[in-house]
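Computed from the coordinates by the stated procedures, all read-outs in this text should not be read as laboratory data. Keep in mind it's a predicted model, so treat the numbers as computed, not measured.
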Amino acid sequence: MSNQKFNYNGNDSSFSTTPPRASTYLDFIQNRKGRVPRQSTQKLFTAEDEKMIRIQDIIWQTADNAFPVLITGESGVGKEVIAKAIHQAGSEKERPFIPINCAAVPANLLESELFGFEKGAFTGADQRRIGKFEQAENGTILLDEVTEIDINLQAKLLRVLQEQEIERLGSNQRIPINARVIATTNRDMSAAIAQGRFRQDLYYRLYVLHIEVPPLRERPKDVIALSEKFLEDCRRNFNRDNLCFSPSAMEKLKKHNWPGNVRELQNVIQRAVVMSSQDEIVADMIPVEGEGAPIMTLDWVGSLPVGQTLRTVETHFILETLKKHKGNRTHAAKTLGISLRTLRNKINEFTREGYEVTPPTSGRGVK
């Protein structure tokens, strides 16, 4: 496998080898003429914005090269959609696609989830279990929110990527693995490395092809296309063939800033469909707050009562942020700039201390 690394963040000039060289995204595409798959005209995902179309082009160009891929971007932009598209575009698309959310699995269980375990490896291990890497044999494993992996486990993951083999817990036998690794994160990896929370050598091992997915607010054409797609899904699921957007509803969708990105848009469309009793969705049925990004100021600091501890201020700030996001843990964590795992730990502390925590409005809010 070539050690050449490619980076793409939505602009032609930023698609280059690492370390930087003169070649651009256009050069890369032109140099591969004649090797573009015939099915490259097919759409892998809904996209009308030029940035997303270019990402789709890159996926077709590199789909059969099994090097690791790092996908970055804000929460809800569609990183897992891109990962699935990479798998579907390749010749191994009939093979398994195995995702694992590294932030959702407790740190002490993640190793056994990834690598599996033998019978008797630990209390409760009453039979052998294969891990995600073995399940993804000849296919793709998706390490979602890879920056949330414990620093000690990162060393073992690095060895797996280097040696292409694993050891189940409770065994010394080395098992060869053949799975493409795709990793995603919504964190600033440079900051995580500087803070000692992510290994730099693991970062370079994953950073062969880097795709940065732009936020929805930078993809205005996709707001329209995705709204129509989600509405079509709802027409089919709710048996409402004549349902459509009014011009005012579409205008409201276009003006909103979408801090929760594609995930927020999908939820808004679904709620609008539920709220509509007629065939036309009007602006009042689009449940979004405001039509732009809020302006952040620090004027509120002066209103804090004297004598409040930092712990008390932090507690109330987190609780108010949860309330603002109607209990959605994922959106609140993004706003606060902390990991989902950290937010959950905070919520557990608050609950034990007797604070009232805003519950999620639906199962998706727990994620």
Rel. contact order, % - alpha carbon contacts under 8 angstrom, at least six apart, segment 175-256 = 20
So which of Lys255/Lys326; Lys43/Lys93; Lys132/Lys324; Lys93/Lys119 end up more than 27 Å apart by C-alpha?
-> Lys132/Lys324; Lys93/Lys119
